[in-house]
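All remarks here apply to the structure that follows.
Since every read-out is calculated from the coordinates, none of them should be taken as a lab result. For clarity, every value in this text was computed on a predicted model and none was experimentally measured. Note that we place each Cβ from the backbone using ideal geometry, even for glycine, and neighbour counts take in every protein chain shown.
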């Protein structure tokens, strides 16, 4: 599947290597979450042949109007894991056990945060980098963060998504799943053929810690290190679930969900390295972290 390979920083699928940094930039708030990747759980055994999409014959799809077989109304597939012709569906989570007949993935043991979403966590020291491939490869894939919140737009006016002319990939996706936030996966079949689906995941269950040293944060944000995987999060619409998730996971104040991005100029450095009483300075942000979560070093 396509990837954002960076030599010495990621593996061939674009997943961050251990002993590297992740700079998760959030355009909606012009902030970054800076994480240090300590190690990866289950390395080299991290391919999940998930099986069909977790849809059933009772799942309700919407139709593409103007396409062959599409009426603009709704339809249901004839069987589990299928997609009707000229149809799309949004808000899919991936269950962790075979509670649906269409799901072949059946993990042993008990998931700590429920079984409805294998990528959901409430552990601030774990994140999931998830590369997904689906067959047939022409299927449109989009991601909502959180579920039902479209994050694709053009000039902040026109909303994109699998039901629109833009805002999706065909056959693959990449996402960094943050704690305390359920993501929704969206799928579209814009052909006149009903299809059977199959999903494959290559994932990295990363053991991470939040970087709290102001000088290091500033270096990473300004691209002064070569051991950083820069990921622009597909978040162009701020939403309370995202802000609250970052507060719960890392202690960021709701007014500043992440480290503000300052340029490497005298004025930018002054703002970044202001006192703990200076709103938006890294000292101010990390002081909030220490009070809220005790993670500041």
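Separation of the range 126-168 from the range 251-279 is 31 Å, based on Cα centroids.
If you plug the beta carbon distance of residue 156 and residue 232 into 1/(1 + (r/R0)^6) with R0 = 22 Å, you get a FRET efficiency near 0.85. For the chain, the relative contact order works out to 24 percent when only alpha carbon pairs closer than 8 Å and six or more residues apart are counted.
Which parts of the range 10-47 would a label at residue 207 reach, counting a residue when its backbone N lies under 18 Å from a point 7 Å out along Cα-to-Cβ? Only 16-22, 35-46 pass the distance filter. The simple spin-label model puts a point 7 Å past each Cα toward its Cβ; for residue 47 and residue 165 those points are separated by 3.9 nm. Relative to the longest principal axis of the Cα atoms of the chain, the long axis of helix 282-292 lies at roughly 70 degrees. If you take every DSSP beta bridge whose two residues both sit in the chain, what share of them, in percent to the nearest 5, is antiparallel? Roughly 90 percent of the beta bridges in the chain run antiparallel, per DSSP.
Here residue 273 and residue 78 are evaluated by their C-beta separation; at R0 = 45 Å the FRET efficiency comes out at 0.15. Listed by Cβ neighbour count within 10 Å, with the fewest neighbours leading, 25, 252 appear as 25, 252. Relative to the longest principal Cα axis of the chain, at what angle does helix 240-250 sit, 0 to 90 degrees, rounded to 10? Taking Cα atoms only, the helix is inclined about 50 degrees. From least to most packed, judged by other beta carbons within 10 angstrom and beginning with the fewest, 13, 144 follow the order 13, 144.
Of the residues 177, 169, the one with the fewest other Cβ atoms within 10 Å heads the list, and the complete ranking is 169, 177. With a simple spin-label model that places each label point 7 Å from the Cα along the Cα-to-Cβ direction, the separation between residue 4 and residue 287 comes to 3.3 nm.
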